[in-house]
Each structure stands twice: as C-alpha cells, then as structure tokens.
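The next block holds one structure in the form of structure tokens; read it before the comments.
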Amino acid sequence: MKGLFKSKPRTPVEMVQLLHELLLFVLGNTDIRDKKRAEKIAELDKLLLDIRTVLFGDGQMEPNAESCAQLTKEFFQKDTFRLLINCLPSLDSGARQNATHVIANLQRQKVNSKVIASEYLGNNLDIMDTLLAGYEDDDIAWTYGSILRECIRHQNVAKYVLESDHMKKFFIYLQNPNFDIASDVQATFKELLTRHKSTVAEFLSVNYDWFFHEYNTKLLQSESYITRRHAVKLLGDILLDRSNSAVMVRYVTSLEHMRIMMNLLRDSNKTIKLDTFHVFKLFVANQNKPPEIISVLVTNRSKLLRFFGEFNMDKEDERFEADKSQIIKEIANLQQPTDRPCQDLDSF
C-alpha cells in the first residue's frame, strides 16, 4: 500500500524554494553539534544533486529547457545564489562539487533568450568580494576559485574585478605555497587578463605602471620556477594579443623589461627559455628601439648571437626557426648609437 502514496516530485520552482529555506537555516544555525542542523545539511546535499540533475539531465534523459528556465529564474529572483555562495564552507566536498556544477550551469542558462546571471551579478558585485577573499582560506579556495572563473565569463563582472583592489592581492595569492591553490589562482588570473579583450586593454593602459612593476618583481623574478614559467607564458599571451598592441609597444621600449627577459633567457628551464624567446623577439623586432636598448643589444651582440645559434627546440618548428633567424639578422645588423656608451650585461 505504501507505494500508492509516493510523494509527488517537486517542481523546479519548489526545489529552489526549499533550497532557499535550507540555506537560511544552515546559515542561521552555526552549532555544528546540533542534530537538526546535520539533518538539514544532509537534505541540502541531496537537494543540490536533484537540482544538478534538472540542469544536466540524468544520463538517460536530456535536461528540459522549460524546467531549466524556471529553476534559473527562481534562483536569481530570490537571491538564492548569494545564500548558496555563503553556505558553501558549511558543506562537505561532494555537496560543494554539486553546488559548483549548478552555479557554473546557471551562468549560461537563458530565460526568454537572455542570460540573466549577468544582470544579477552586475547588481550584486559584492558577491565577487566574497569569492575573491576565498583565496585567503585554503579550505574553500579551490571551490570559490572555480566559481569565480565562471562568474568572470561576464564582462561586467570581469571589469569590476580588474578595477578593484583585489587585482593587487593576486600578486600575493599567486605566492601560495600550496601548489593546487596557486595553480587555481593562476588560472583565474589568466582568465581575467585574456578573456575580455577590450576591457583588459583598458585596464592595462590605465594601470600600466603599478601592474607591470608587480608583475616583474613578484612573478617574472620569483624564486619559484613554476611562478616564473606561468608568468612569462602569460606575458607573451598578453603582449602578442592585437588588442594590447599599444601596451606591447610601451612594454618593449623599456630597457628594464628587456634586461629581465635577457636574464630569463638564461633560465635552466627550457620551457621558460622558449616562452621568454617569444617575448624577447618583440624587443628586437621593434623598429623604433630606444638608443639605450640598441646599445645593450650591440654591446652584448656576440653573446646573444652565440646563444641563439645554439638555442634549439626538441622538435623541428619552422616558425621558431624563422623567428630565430630574423632575431639573429636584426642583432647582427644593429649599429651602436654614437651618443651612447657601451652597456654590458654581466648577467647574460
């Protein structure tokens, strides 16, 4: 007889309403020894899995577009998104994973052909403050980092983060001794500086001085080879992007920047050397090189030509060989500026 009275499945709207109630309860009851709180968290875990199933399907059936739209609309209308973010530290790893998948999916869901997550986050940008501060807590850093990258898919959100004081904190977060967390910070940092081209170009132009000072001293000259490797690769991605052409021109006219690249060319790690090569070639290829840069290149000509003559990749690469040949030719043909003394680089 029991099977005749099975409860009716909850609608997507009812799921979100119940989720909202459970989140409020857990956030309002912080006594981890409370039995009822434990029961509510268990119910919350199961509900998150059910919501994930609505959004992703169950492996046999595809998600229903109307159900997804209803769930998404309710999620953002009731501010359940914020509650879920705040409650994540209270959940176990499995529930956090389900919540992360739900949040990522909601960033892409459309309601009446409109991605409403972008508008919601634009009106609630302080949520980004919570997510970014998560990098200061090793227990929640990876979860918040994953969610943060999903949120900055929206240009208005990325612009807020780029223009906030949080950008300066990234140079601290990137030094985290925990490899997994440092890698997660690096992934977020790269996303911020490469996804939204026009916004990034504007940010780099306005914040050029302090940003590259921090980038040079904290990342490119870091004692950690992993930090240096990520930094020089990202620098190449930034400078070689057409949107950042004005920033690139400014960067390659700096003798200090070129000195850093010449030192990195001597790094023991071959990957770092190769990525540095792609940045260094911009200094040499610049047809408007400042006299001080020409002077250093001429003075160190024999060392540079010998270095590039012996610098090879493990696998044949026609583009690399062509670039290297051009650099060798440019350096070989340079003339010492008559009004500049020789400037040797002892470190090269």
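Go ahead and run the numbers for FRET between Asn269 and Lys303, Cβ-Cβ distance against an R0 of 30 Å, rounding to 0.05. Working shown, then result.
On the way: r = 20 Å, r/R0 = 0.66.
Approximately 0.90, to the nearest 0.05.
Evaluate 2.2 N^0.38 Å with N set to the residue count of the chain, then give the Cα radius of gyration divided by it. List each step's numbers first, then the result.
Values: Rg = 26.2 Å, N = 348, 2.2 N^0.38 = 20.3 Å.
Dividing the Cα radius of gyration by 2.2 N^0.38 Å gives 1.29.
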- Message: Quick one: 3J(HN,Hα) in Hz for the stretch 161-174, Karplus 6.51/-1.76/1.60 with θ = phi - 60°, rounded, Gly and Pro as x.
- Response: 5, 4, 8, 8, 5, 4, 4, 5, 6, 4, 5, 8, 4, 5
- Which whole-number percentage describes the relative contact order of the stretch 200-348, with Cα contacts under 8 Å and a sequence gap of 6 or more? 22 percent
- Query: Packing-wise, with mean Cβ within 10 Å as the measure, how do 92-103, 316-327 rank, highest first?
  - Reply: 92-103, 316-327
- Using the Karplus curve 6.51 cos²θ - 1.76 cosθ + 1.60 with θ = phi - 60°, work out ³J(HN,Hα) for each residue of the stretch 211-219 in order, rounded to whole Hz, and write x for Gly and Pro. 5, 6, 5, 5, 4, 5, 6, 8, 10
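Taking the Cβ-Cβ separation of Asp129 and Asn333 as r and a Förster radius of 51 Å, what is the calculated FRET efficiency to the nearest 0.05? It would help to have the intermediate numbers written out before the result.
Working: r = 53 Å, r/R0 = 1.04.
It comes out at approximately 0.45.
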- Task: Please report how many Lys pairs in the stretch 133-260 have alpha carbons closer than 18 angstrom, counting only residues at least 8 apart along the chain or sitting on separate chains.
- Result: 12
- Modelled label-to-label distance, Leu240 and Lys35, 7 Å Cα→beta-carbon offset: nm? 6.3 nm
- C-alpha long axis of helix 318-333 to longest principal axis of the chain, angle in °: 40 degrees
- Message: I'd like to know which of Phe280, Tyr251, Leu304 lies farthest towards the positive end of the charge dipole of the stretch 183-331, counting +1 on Cβ of Lys and Arg and -1 on Cβ of Asp and Glu.
- Response: Leu304
- Query: Where is the GNM fluctuation largest for the chain (alpha-carbon springs, 10 angstrom cutoff): Lys169, Lys329, Lys315?
  - Reply: Lys315
- Expressed as a rounded percentage, what relative contact order does the stretch 1-154 have, with Cα pairs under 8 Å and six or more residues apart? 21 percent
- Item | Tilt relative to the chain, helix 225-239 - C-alpha long axis, 0 to 90 degrees, to 10 | 80 degrees
- Note on the structure: Among Phe171, Leu22, Pro12, the residue whose Cα sits farthest towards the positive end of the charge dipole of the chain (+1 at Cβ of Lys and Arg, -1 at Cβ of Asp and Glu, taken about the Cα centre) is Pro12
- Message: Quick check: the angle from helix 12-28's long axis to the longest principal axis of the chain, C-alpha only, nearest 10 degrees?
- Response: 80 degrees
- Note on the structure: Those trypsin sites (Lys or Arg not before Pro) from the stretch 195-276 that are DSSP loop and have at most 13 other Cβ neighbours within 10 Å turn out to be Arg266
- Task: Identify, among Val115, Gly59, Leu240, the residue whose Cα sits farthest towards the positive end of the charge dipole of the chain, taking +1 on the Cβ of Lys and Arg and -1 on the Cβ of Asp and Glu, with the dipole about the Cα centre.
- Result: Gly59
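Normalised by the number of residues in the stretch 124-163, what is the relative contact order in percent for Cα pairs under 8 Å and 6+ residues apart?
Values: 23 pairs, mean separation 14.6, N = 40.
Relative contact order for the stretch 124-163 comes out at 36 percent.
Taking the Cα centre of the chain as the origin, how large is its charge dipole in debye, to the nearest 20, when only Lys and Arg (+1) and Asp and Glu (-1) carry charge on their Cβ atoms? If you can, show how the numbers build up before the last one.
On the way: 46 positive and 48 negative charges, 106 e Å.
Result for the chain is approximately 500 debye, rounded to the nearest 20.
Can you send over the carbon and sulfur percentage of the accessible area for the chain, probe radius 1.4 Å, protein chains only? Display every interim value, and only then the final one.
Numbers: 8810 of 18020 Å².
Here it works out to 49 percent.
Could you state the accessible area per residue of the chain in Å², with a 1.4 Å probe and every protein chain left in place?
Numbers: 18020 Å² over 348 residues.
Here the residues of the chain average 52 Å² of exposed surface.
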- Item | Helical contribution to [θ] at 222 nm, DSSP H n ≥ 4, -39,500 (n - 2.57), averaged over the chain, rounded to 500 | -20500 deg cm²/dmol
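Can you compute the FRET efficiency between Phe25 and Asp79 using 1/(1 + (r/R0)^6), with r the Cβ-Cβ distance and R0 = 22 Å? Round to the nearest 0.05. Present the calculation step by step, with values, prior to reporting the outcome.
Details: r = 16 Å, r/R0 = 0.71.
Calculated value: 0.90.
The values are calculated or read from the model by the stated rules, or taken from the named source; none is laboratory data. Nothing here was measured: the structure is a model prediction, and the numbers come from that model. In this analysis, Cβ positions are derived from the backbone assuming ideal geometry, glycine residues included, and neighbour counts consider all displayed protein chains. Heavy atoms of the whole protein, side chains included, go into the accessibility calculation; ligands, DNA and RNA do not. Shrake-Rupley method; radii C 1.70, N 1.55, O 1.52, S 1.80 Å.
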